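The values are calculated or read from the model by the stated rules, or taken from the named source; none is laboratory data. Computed from a prediction, not measured in an experiment: that's the story for all the values here. Don't worry about glycine lacking a Cβ; one is built from the backbone with ideal geometry, like all the others, and counts go over all protein chains shown. Ligands, DNA and RNA are excluded from the accessible area calculation, which covers all protein heavy atoms including side chains. Shrake-Rupley method; radii C 1.70, N 1.55, O 1.52, S 1.80 Å.
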Amino acid sequence: MKRRKFLKNSSTLTAGLISAPMLATCNENNTKTNGPDEISTGIKPIAICTWNFHNATAKAWEVLDQGGSSLDAVEQGVMIEEADVNNQTVGKGGRPDRNGDVTLDACIMDKDGNCGAVLCLQNIAHPISVARKVMEDTPHVMLAGKGAEQFAYEKGFEKEDLLTKKSMQEWTEWKKTSQYKPIINIENHDTIGMLAIDKNGDISGACTTSGMAYKYAGRVGDSPIIGAGLFVDNEIGGATATGVGEEVVRTVGSFLIVELMRQGKSPQEACEEGVKRIIAKNKDNTDFQIGFIAMNKKGETGSYCIQPGFTFRKYSEAGHVNNPSDSFIKT
Ligand code: ASP
């Protein structure tokens, strides 16, 4: 806890030292403005996320536009997907494990390197907010299973049934034919990872998922693992992942991408290198999907993804509310 306080104090100093060139900020309609925040810091607030979650990035932008912190932006942004029962890979409505239980994974990381995560959490609709409570109210980084659930109730979160009728019907159907062999990330590929930089130039990230559909009970992927599903170093940038969590964990993917940016690579180059490292270890297996998005301290962004059959896609251009899915182009 003492270390957190120390980091908080020193980051205030760091923020004052930012010397980024003057950049135009973008408002919701993507028009250029030169607001007072930009004049004082030269920073362009921006939020990006995996896939095409317009409502989530719009919410994050709303927070940033009102002068909010990147931490609040990413939390509130991903909560939109956690609450959306039509998104069957995040939060309420998520597809269950093979026993029919919806188990959620999430993590969050702030500008000071503080982080919190929940693993295999049941009955709570907003795991990202529980992860934030772990970060802010405990000396720990991760809480799992029943302990995480108990902690959530202590913090005032309400018990909810997360298994919707639709997800239950699909699971029942799946059990008839699948022989408990889930097709990795074809049945499930919409984890939301979000990165934001605020007007002070501070970066935060969040990642939340119901994990792989029909996974083994107790399976945890990359999404709640700091360094794998998400990593932020406020001096350099942040990265977050979607796709087959086991592959991302093996390469400590998001940490790798931030380190590649530290070595001088652009966010785009770093994402491409991260995906290539995973491919190099899987030459004979093309049947999976991995995607990374990244952002550096200047607010530059990148993304790269591989789909089953080794179709590469890259993210083409940055905006204040990015949408890699819309912007992926075939190379
Ligand atoms: N990365 C998530 C997991 O492995 C799944 C996904 O992104 O689709 O749990």
>> Just to be sure I understand the filter: pairs with C-beta atoms under 8 Å, separated by 6 or more residues or on different chains, first member in the stretch 203-228 and at positive phi, second member assigned to a strand (DSSP E or B) and more than 7 Å from the ligand (Cβ to nearest atom). Which pairs pass?
In response: Gly211/Leu104; Gly218/Cys120
>> On the basis of being at pLDDT below 90 and not hydrophobic (A, V, I, L, M, F, W, C), does Ser69 make the cut?
In response: no
> Would you pick out the residues in the stretch 99-148 that are of a type in the set (Lys, Arg), part of a helix (DSSP H, G or I) and surrounded by 17 or more Cβ atoms within 10 Å (Cβ to Cβ)?
Replying inline: Arg132, Lys133
>> Tally up the residues in the stretch 70-89 that are charged (D, E, K, R), within 16 Å of the ligand (Cβ to nearest atom) and outside any loop (DSSP other than H, G, I, E, B), please.
In response: 2
> Has the stretch 90-98 got at least one residue that is among the hydrophobic types (A, V, I, L, M, F, W, C), buried (at least 20 other Cβ atoms within 10 Å of the Cβ) and either more than 27 Å from Gly299 (Cα to Cα) or away from the ligand (no atom under 16 Å from the Cβ) (or both)?
Replying inline: no
> If you go through the stretch 235-289, how many residues are within 20 Å of Asp110 (Cα to Cα), modelled with pLDDT of 95 or more and more than 16 Å from the ligand (Cβ to nearest atom)?
Replying inline: 9
>> With the requirement that a residue be within 25 Å of Asp112 (Cα to Cα) and open to solvent by 10 Å² or more (accessible area, probe 1.4 Å), what does the stretch 243-253 give you?
In response: Val249, Thr251, Val252
>> Against the conditions (1) within 16 Å of the ligand (Cβ to nearest atom); (2) of a type in the set (D, E, K, R); (3) within 20 Å of Trp51 (Cα to Cα), where does Arg219 fall short? Just the number, please.
In response: (3)
